[in-house]
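All remarks here apply to the structure that follows.
What follows draws every value from the coordinates through simple rules; no lab data is involved. This one's a predicted model, so the numbers in the text were calculated from it and none came from an experiment. Neighbour counts are summed over all protein chains in view; Cβ atoms, including those assigned to glycine, are modelled from backbone coordinates with ideal geometry.
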Amino acid sequence: MDRVYLDHAATTPVDHEVAEAMARVLGETHGNPSSIYAEGRAARAAVDRAREEVAAAIHAEPSEIVFTSGGTEADNLALRGALKARRDERDGLITSAIEHHAVIDTARDLERYAQVRVDVVGVDRYGVVNPEAIRDAIDERTSLVSVMHANNEIGTIEPIAEIGAICREEGVTYHSDAVQTVGALEIDARKIPVDLLSINAHKFYGPKGVGALYVRRGTRIATMQTGGGQEKGRRTGTENVAGIVGMGVAMRIARARRATESPRQAHLRDRVIAGVRARVPDAVLNGHPAQRLPNNVSFCIPGTDGESLIVALDLEGFAVSSGSACTSGETEPSQVLLALGLDRELAKGSLRVTVGRSTTDEQVDRFVEALSRVVTRLRESASVAV
Amino acid sequence: MSGGVDSSVAAAILADRGEDVVGVWMRLVPAGADVDAPRCCGTDEAGEDARRAAAALGIPFYALDYADVFGERVVDRFVNAYAGGETPNPCVSCNQHVKFDALLHDVVRKFGGDRLATGHYARAATGEDGRRHLLRARDPSKDQSYALYMLGQRELARIEFPIGELQDKSETRAIAARFDLPTATKAESMDICFAPGDYRKLVRERAPEAFVPGPVERTDGTVVGTHAGIGALTVGQRSGVGIATGERLYVLHLDTERRAAVVGTRAEIARRRYALTDMRFVSGEPPSSRFATNVVLRYRGIPLAGHVDVDRTHATLDLESPALVAPGQAAVFYDGDEVIGGGVVARHAL
């Protein structure tokens, strides 16, 4: 069947150039980057080049990039590492109600096992965190603030520059999960006062299983795992050389294509939104109408449930999700949607469509047609006697 | 698809026939739950087996979550029944409330599916009268029709049991091998799926109040000993009553009000007449208000001759010879290989 992939927020297909670069490394660069002889130096050089690419993309220094196994590990390293490394008695962590599980569940885990005080700040109906609410939540015991750059389910972009400025004024470390935005949005670490930033390669056409944490010079983080001391002791373990190289190439391509690709995807996004509104008029758009990721569409469709929508669309040849890919299979409505103040029943009918580099107008139109058919069928079958 | 060989083969038979098949696995325990029930079909591990089987067949596969309904309608009821002195049949509850209610609804409504096929050993056929009939499996040693007696015309119109048509289990395994299904050599499930080993452990954890000691009495009220708790006892059981008289005594009745276990000899406990509740008939109607039938009183039990008098949702069962059955068990009526219907054995007054 001719499949249409519209779940680029879950993951993106690996760019061919990335795959080729990785294959070359796997075939030719077998050294351990920690070894002092030529093979080791070659591997080290490959990792260093990738580190430069990733750093350059966010206007950071290569020494500020710590490679990890992905976004989840970057978030864990940021929260656990920063709190573990603190020198004073401050034990407060402030985060938002719409964070990814990698942040919110880590915060809850720290609360239970490390006696960290966690304060969760709410959002408005578009999912925006009010920077002043962060300022109000900060007290003398606050050590770390973690608010994401853009939400993975509803696409809302958060005011991280303002939040970062407040954190800096208050002398609090600021972490932002930028897994959804690096590659899609311009991020300049020289201008945005963020201390820790999570990055994930497979969200920008790189491989799965590799990511990075930006650690601003001077920000103290402690390692979570102990071992050979790689990544300057901040993330020990032999480097995933091929993955890191793939991430570097993917970063370079994403950066080069961003100026044309992001507006193109925003056009496709708006085409999906307009199409859904025309064919399913009672669908409710989730997230901010303007301050949203260029590739994200999120709707709640009354009288349906997300699982049914996804299954039906899958069988029609379309790959979409009901929210975060990490929570699919749950029957409970998403915590993010509930945090917007949505009614539980409505929140169950959530649908996320995220376009990407290969998406075309024609695919979008076919999708809207299929969605319209599926919604009609699901609503009709809800009254079928079984 | 449970992850076991039977449902995998059922899917294989349908796919082989050219049907548009989608595999569905039911999560029955919460995700990530620490369950020491390796044979439970609703655990993550079973889900992985089901996923592999679906992949081997090349059919779409979805994991659906029924942990809530299973917990409430099967596990909680099981615990409450034992705590209340009854002997529940959790397979009947699961078929009635989870597989052929919640799942069947989702198959039709979510997937737009026409029919639900399962790996049960039974047969569903359409007769010349246009009605659906429920029959024993071709392999009588595997027959599971007893636990499906509650299915009516509405459900059976949408149900298929491909495995029930097979001659025996070796044919099932041969098909599994032919389709190279990874479940082909898996062991069969034996225990109560959510309470492996001794089910009393679960009842004790969930209903500690049913494990308060009480008196063991004869029918005339003579106290002959003490027992450790109603929750550990089953009507009809011989051992564990905690008495040491010379006679062989069986649990005849569990009085939850007084926490008393009434015991008696085999002659005392075997009865001819039982009250039944929650009557179900496959055709929608009993054959007549009083009818002769062969009744099966336990899973894979021998059919016993008797008469049934139906009064709306209740009935009285009169057996030709005395038999012992615990309240909470299903009484299922057969006409030859065909299931007519059944009901639940009610608690009886002494």
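Given a Förster distance of 22 Å, report the FRET efficiency between A:E369 and A:R264 from their Cβ-Cβ distance, rounded to the nearest 0.05.
On the way: r = 22 Å, r/R0 = 0.98.
Result of the calculation: an efficiency of 0.50.
Modelled label-to-label distance, A:E345 and B:R300, 7 Å Cα→beta-carbon offset: nm?
4.7 nm
Place a +1 charge on the Cβ of each Lys and Arg in segment A:283-386 and a -1 charge on the Cβ of each Asp and Glu, then give the dipole magnitude about the Cα centre in debye, rounded to the nearest 20.
Numbers: 9 positive and 13 negative charges, 38 e Å.
Charge dipole of segment A:283-386: 180 debye, to the nearest 20.
Which one, B:P322, B:L276, B:S288, projects farthest toward the positive side of the charge dipole computed for segment B:271-345 from Cβ point charges (K/R +1, D/E -1)?
B:P322
If I model a spin label as a point 7 Å beyond the Cα along the Cα-Cβ vector, how far apart are those points for A:S383 and B:R248 in nm?
6.2 nm
Do the sum for chain A: with -39,500 (n - 2.57) for every DSSP H run of n ≥ 4, divided by all residues, what is the mean residue ellipticity at 222 nm, to the nearest 500 deg cm²/dmol?
On the way: 11 runs with 159 residues, N = 386.
Taking each H run of at least 4 residues, the total per residue is -13500 deg cm²/dmol.
Compute the long axis of helix A:306-315 from its Cα atoms, compare it with the longest principal axis of the Cα atoms of chain A, and write down the angle in degrees, 0 to 90, nearest 10.
Result, in degrees: 80.
Tell me, what HN-Hα J-couplings in whole Hz come from the Karplus equation 6.51 cos²θ - 1.76 cosθ + 1.60 at θ = phi - 60° for each residue of segment B:196-210, using x for Gly and Pro?
x, x, 8, 4, 4, 4, 5, 4, 5, 5, 8, 9, x, 5, 8
Let me spell out the model: positive unit charges on the Cβ of Lys and Arg, negative unit charges on the Cβ of Asp and Glu, origin at the Cα centre of segment A:16-253. What dipole size does that give, in debye rounded to 20?
Dipole size: approximately 700 debye.
What is the angle, in °, between the Cα long axis of helix B:44-57 and the longest principal axis of the Cα atoms in chain B? Nearest 10 is fine, range 0 to 90.
Computed tilt is about 30 degrees.
Residue by residue through A:302-311, how many Cβ atoms from other chains fall within 10 Å of the Cβ on average?
Values: counts 0, 0, 1, 3, 0, 5, 5, 1, 2, 9.
Average neighbour count from other chains, rounded to a whole number: 3.
Output wanted: per-residue J couplings in Hz (rounded whole) for segment B:136-152, from phi through Karplus 6.51 cos²θ - 1.76 cosθ + 1.60, θ = phi - 60°, x for Gly and Pro.
With the stated coefficients, segment B:136-152 comes to 4, 5, 4, 8, x, 6, 10, 3, 10, 5, 3, 7, 10, 4, 7, 6, x Hz.
Can you give me the C-alpha center-to-center distance between segment B:204-274 and segment A:64-107, rounded to a whole angstrom?
Cα centres, segment B:204-274 to segment A:64-107: 59 Å.
In segment A:139-191, which trypsin sites (Lys or Arg not before Pro) are in a loop and have at most 11 other Cβ atoms within 10 Å, using DSSP for the loop call?
Numbers: sites: A:R141, A:R168, A:R190, A:K191; in loops: A:R141, A:R190, A:K191.
When the trypsin sites (Lys or Arg not before Pro) of segment A:139-191 are filtered for loop state and at most 11 Cβ neighbours within 10 Å, A:R190, A:K191 remain.
Once phi is turned into ³J(HN,Hα) by the Karplus curve 6.51 cos²θ - 1.76 cosθ + 1.60 with θ = phi - 60°, what whole-Hz value does each residue of segment B:154-165 show in order, with x for glycine and proline?
These are the phi-based 3J(HN,Hα) values: 4, 6, 4, 4, 10, 10, 10, 10, x, 6, x, 7 Hz.
Between B:S141 and A:R3, what is the FRET efficiency for a Förster distance of 51 Å, r being their Cβ-Cβ separation, to the nearest 0.05?
Details: r = 45 Å, r/R0 = 0.88.
The calculated FRET efficiency here is 0.70.
Taking the Cα centre of the protein assembly as shown as origin, work out the dipole magnitude from +1 charges on Lys and Arg Cβ and -1 charges on Asp and Glu Cβ, in debye rounded to 20.
Working: 88 positive and 102 negative charges, 125 e Å.
Magnitude of the dipole: close to 600 debye.
If the chain between B:A267 and B:D76 were fully stretched, how many nm would it gain, using 0.36 nm times the residue separation less the Cα-Cα distance? Could the numbers behind the result be given before it?
On the way: separation 191, 0.36 × 191 = 68.76 nm, distance 3.38 nm.
Between B:A267 and B:D76, full extension yields an extra 65.4 nm.
Give me the extension gain from A:E170 to A:A222: residue separation times 0.36 nm, minus the current Cα-Cα distance, reported in nm with one decimal.
Numbers: separation 52, 0.36 × 52 = 18.72 nm, distance 2.20 nm.
Fully extending the segment from A:E170 to A:A222 adds 16.5 nm.
Report the calculated FRET efficiency for B:R115 and B:R290 (r = Cβ-Cβ distance, R0 = 35 Å), to the nearest 0.05.
Working: r = 35 Å, r/R0 = 1.01.
Taking R0 as 35 Å, the efficiency between B:R115 and B:R290 is 0.50.
Any of A:K84/A:K191; A:K84/A:K203; A:K348/B:K201 with alpha carbons more than 32 Å apart? Name them for me. If you can, show how the numbers build up before the last one.
Numbers: A:K84/A:K191 27 Å; A:K84/A:K203 28 Å; A:K348/B:K201 37 Å.
As for pairs spanning more than 32 Å Cα to Cα, those are A:K348/B:K201.
Taking 7 Å along the Cα-to-C-beta vector as the label spot, tell me the A:H59-B:A275 distance in nanometres, rounded to one decimal.
8.3 nm
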